[in-house]
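Asker: Let me give you the structure first, and then I'll get to my questions.
The values are calculated or read from the model by the stated rules, or taken from the named source; none is laboratory data. Keep in mind it's a predicted model, so treat the numbers as computed, not measured. No Cβ is skipped: glycine too gets one built from the backbone with ideal geometry, and neighbour counts run over all protein chains shown.
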């Protein structure tokens, strides 16, 4: 660990030297923020024209940030957007807050060259990879780059995971005796009054697909074999305990659904505040986790602000705000080891049941699962 | 000279608008349907969407559209006739306005409205259950193929009322009086005058309903979250989702299939329409 850190430090020092040289070569004009092309800056330096102070100055000069598909009640984004605005006085334009990952990537191309184009995106990792293949992303490594686990970022800095969580069972304790595992849901007959819902179609929503994958883990399947998850929901449908409509806070309040399989942090911010009897926990027979990914647009209209936004998200403040939204920030392990994580918010996270080992599907496993679910969902769970 | 050109200029904005709004997307669909994600020519997308789950999706979409064209089509005609022959002019105005609004009601709002009234815990379900008529105990489910068809009636019947009312106006009272003067019974009047005159308009209206159901997306998507394979939902999954990131062109191939079905529908509509307008001149 120390060894790694030392190398990191050496590299950083080397890079600082290199970028200083670069600036001095290109800078026949007096060195200053104005000469820096921020869209080409791949990391900050301790001092000089690409330091954090210079970045703040340049971002304030740009004065604007365009974000896309960030619902305010999603992983505490409302507090993050307000916090950034308050700290730097930069105006944030939040486009299409309920948009999908596909729409975010599409907007990078469709709005290219406009001042309204997205500066940054927050997408499912497979969409970050698609955007990377299409050459739409800028390389940038935040100052805390080394605190992001290596498996959760692109080595070149084109995308890096931000926050995640586990597939959880949310349940209205006032309506039913809550199941604590997928097995209990499988065994329940209609008389249990279970009305189990997914947040959306698993062919449309990555979180719903993760729900099916988690059900597979609990029923003899694996990350490479999602079919038992489809069979699980087919059995629920046969038992009359599966409610196929989109489950959300409205259907929960109305009673159409009383058990929801969804990310723990989205239930915590999306349902729990409206319903005191809502309880969220990680099932005892499957702990499936996933992270979302951040990326900066290669053609961001506000390149400095985009980078400052990422620095803010990956600062202790930013990471803790995600934690407050009951999401697990990507640097959580490091923050816990260095006593930086907010204790009160940490304590509110649903704990992993004893004996479960978290499993994280790769993008290839997610894509393969999507194909299997796509070919079988309608025919097995529905009537075709 | 000016006279010869002027009509062309007058219609130009419409033609340009149609080309941009309809022509360009059609060209994009056709091109993309025959290309792979990496831009090479291929027929693999077409092959894929004519088999398996995608073929089932197209089959279900056509079936759903037929059912929700014929049933609301027939019901709509009777309803429109009742309104048309009503003496109360405010009722006529009210239903016409209401039909205009309801025919365009759909999506997540409509879904939730039905869940709140006829869902397993809905208000109407609770009332019916109180008199031991809970439809959910008698094989009814809102989350099934026929549940979706049932919800579609909500906007399809008003749409039919809206499109058929003008045709009913074309049914002149003089024709009925003439038939009666010649001793025709009520049944014979409808058999030889009313139905033949109205039939082309009714069929035309049903074709319009077919198109409306065929393209409907948000209602079925939010009600059944994919447990019923339907072509527009499959396109949505491929083009606009959070799961399948690199099969956009398969979605274009399904769209091409839908275009073919709709073209056939529109050609039928055109033929029927030509016959209908003969009577209404």
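Asker: Return only the number of the condition from (1) away from chain A (no Cβ under 14 Å); (2) within 19 Å of residue B:214 (Cβ to Cβ) that residue B:127 does not satisfy.
Answerer: Failing condition for residue B:127: (2).
Asker: Of all helices (runs of 4 or more DSSP H) completely enclosed by segment B:1-55, which ones contain at least 1 residues that are in contact with a strand residue (DSSP E or B) (Cβ under 9 Å, 6 or more places away or on another chain)? Show your work before the answer.
Answerer: Working: elements: B:2-18, B:24-33, B:44-49.
It comes to B:44-49.
Results for (1) without any contact (Cβ under 8 Å) to a residue 60 or more places away in the chain; (2) buried (at least 17 other Cβ atoms within 10 Å of the Cβ), shown as yes or no for each residue.
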| residue | (1), (2) |
| --- | --- |
| B:137 | yes, no |
| B:162 | no, yes |
| B:165 | no, yes |
| B:205 | no, yes |
| B:234 | no, yes |
| B:237 | yes, yes |
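Asker: Can I ask one more? What is the residue count in segment A:189-203 for residues that are in contact with a helix residue (DSSP H, G or I) (Cβ under 8 Å, 6 or more places away or on another chain) and either more than 14 Å from chain B (Cβ to nearest Cβ) or free of Cβ contacts under 8 Å to residues at least 24 places away in the same chain (or both)? Please lay out each step first, then the result.
Answerer: Our first condition is that a residue be in contact with a helix residue (DSSP H, G or I) (Cβ under 8 Å, 6 or more places away or on another chain); within segment A:189-203, this holds for A:189-190, A:194, A:196-203.
From what is left, the residues that are either more than 14 Å from chain B (Cβ to nearest Cβ) or free of Cβ contacts under 8 Å to residues at least 24 places away in the same chain (or both) are A:189.
So the answer is 1.
Asker: Identify the residue in segment A:96-124 that is buried (at least 16 other Cβ atoms within 10 Å of the Cβ) and within 19 Å of residue A:308 (Cβ to Cβ) and, among all such residues, is farthest from the other protein chains (Cβ to nearest Cβ).
Answerer: In this case the residue turns out to be A:119.
Asker: List the helices (runs of 4 or more DSSP H) that sit entirely inside segment B:167-240 and contain at least 2 residues that are within 11 Å of chain A (Cβ to nearest Cβ). Explain how you work it out, then say what you get.
Answerer: Numbers: elements: B:173-181, B:186-189, B:195-215, B:218-224, B:231-240.
Correct list: B:218-224, B:231-240.
Asker: Identify, from the list A:154, A:161, the residue that is touching a strand residue (DSSP E or B) at 6+ places or on another chain (Cβ under 8 Å) and without any contact (Cβ under 8 Å) to a residue 40 or more places away in the chain. Give the derivation first.
Answerer: Values: A:161 fails: without any contact (Cβ under 8 Å) to a residue 40 or more places away in the chain.
Result of the check over A:154, A:161: A:154.
Asker: What are the residues in segment A:71-95 that are closer than 17 Å to residue A:323 by Cβ and either within 14 Å of chain B (Cβ to nearest Cβ) or in contact (Cβ under 8 Å) with a residue 60 or more places away in the chain (or both), if any?
Answerer: A:73, A:74, A:75, A:76, A:77, A:79, A:80, A:83, A:84
Asker: Another question about this same structure. Any idea which of A:255, A:157 is within 30 Å of residue A:128 (Cα to Cα) and surrounded by fewer than 22 Cβ atoms within 10 Å (Cβ to Cβ)? First the steps, then the outcome.
Answerer: On the way: A:255 fails: within 30 Å of residue A:128 (Cα to Cα).
Just one listed residue meets the conditions, A:157.
Asker: Another one. Here is a list: A:53, A:29. Which entry is more than 30 Å from residue A:349 (Cβ to Cβ) and at pLDDT below 50?
Answerer: Working: A:53 fails: at pLDDT below 50.
Only one candidate passes the filter, namely A:29.
Asker: Check segment A:144-161 and report whether any residue there is outside the structural domain of residue A:262 (by TED's automatic domain parsing), farther than 23 Å from residue A:361 by Cα, at pLDDT 95 or above and in a loop (DSSP other than H, G, I, E, B).
Answerer: Yes, segment A:144-161 has at least one match.
Asker: Moving to a separate point now. Given the criterion in a helix (DSSP H, G or I), within 11 Å of another protein chain (Cβ to nearest Cβ) and farther than 20 Å from residue B:80 by Cα, identify the matching residue among B:250, B:260, B:264.
Answerer: Every option except B:250 fails the conditions.
Asker: Among B:54, B:59, which is surrounded by fewer than 20 Cβ atoms within 10 Å (Cβ to Cβ) and under 23 Å from the mean Cα position of the chain (by Cα)?
Answerer: Details: B:54 fails: surrounded by fewer than 20 Cβ atoms within 10 Å (Cβ to Cβ).
Answer to the selection: B:59.
Asker: Next up: So which residues in segment B:23-40 are modelled with pLDDT under 90 and more than 15 Å from residue B:238 (Cβ to Cβ), if there are any at all?
Answerer: Within segment B:23-40, B:38, B:39, B:40 qualify.
Asker: Now for a different question. Tell me the residue from A:286, A:247, A:234, A:268 that is more than 14 Å from every other protein chain (Cβ to nearest Cβ), in contact (Cβ under 8 Å) with a residue 24 or more places away in the chain and either surrounded by fewer than 20 Cβ atoms within 10 Å (Cβ to Cβ) or under 20 Å from residue A:373 (Cα atoms) (or both), please.
Answerer: Numbers: A:247 fails: more than 14 Å from every other protein chain (Cβ to nearest Cβ); A:234 fails: more than 14 Å from every other protein chain (Cβ to nearest Cβ); A:268 fails: either surrounded by fewer than 20 Cβ atoms within 10 Å (Cβ to Cβ) or under 20 Å from residue A:373 (Cα atoms) (or both).
Just one listed residue meets the conditions, A:286.
Asker: Return the residues of segment A:345-384 that are buried (at least 16 other Cβ atoms within 10 Å of the Cβ), within 14 Å of another protein chain (Cβ to nearest Cβ) and outside any helix (DSSP H, G or I); say none if nothing qualifies.
Answerer: Result: A:361, A:382.
Asker: Being part of a strand (DSSP E or B) and either in contact (Cβ under 8 Å) with a residue 24 or more places away in the chain or surrounded by fewer than 24 Cβ atoms within 10 Å (Cβ to Cβ) (or both) is the requirement here; does residue A:178 meet it?
Answerer: On the way: part of a strand (DSSP E or B): no; either in contact (Cβ under 8 Å) with a residue 24 or more places away in the chain or surrounded by fewer than 24 Cβ atoms within 10 Å (Cβ to Cβ) (or both): yes.
For residue A:178, the condition - part of a strand (DSSP E or B) and either in contact (Cβ under 8 Å) with a residue 24 or more places away in the chain or surrounded by fewer than 24 Cβ atoms within 10 Å (Cβ to Cβ) (or both) - is not met.
Asker: If I go through segment A:199-217 residue by residue, how many of them are assigned to a helix (DSSP H, G or I) and buried (at least 24 other Cβ atoms within 10 Å of the Cβ)?
Answerer: Here is the first cut: in segment A:199-217, the ones assigned to a helix (DSSP H, G or I) are A:206-217.
Of the ones still in play, those that are also buried (at least 24 other Cβ atoms within 10 Å of the Cβ) are A:206, A:208-217.
Residues that pass the stated criteria total 11.
Table: residues versus (1) more than 14 Å from every other protein chain (Cβ to nearest Cβ); (2) more than 19 Å from residue B:210 (Cα to Cα); (3) in contact (Cβ under 8 Å) with a residue 40 or more places away in the chain.
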| position | (1), (2), (3) |
| --- | --- |
| B:73 | yes, no, yes |
| B:76 | yes, no, yes |
| B:118 | no, yes, no |
| B:131 | yes, yes, no |
| B:140 | no, yes, no |
| B:144 | no, yes, yes |
| B:153 | yes, no, yes |
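Asker: Looking at A:293, A:315, A:297 in this structure, which one is within 18 Å of the chain's Cα centre (by Cα) and within 14 Å of chain B (Cβ to nearest Cβ)?
Answerer: Working: A:315 fails: within 14 Å of chain B (Cβ to nearest Cβ); A:297 fails: within 14 Å of chain B (Cβ to nearest Cβ).
So the residue among A:293, A:315, A:297 that is within 18 Å of the chain's Cα centre (by Cα) and within 14 Å of chain B (Cβ to nearest Cβ) is A:293.
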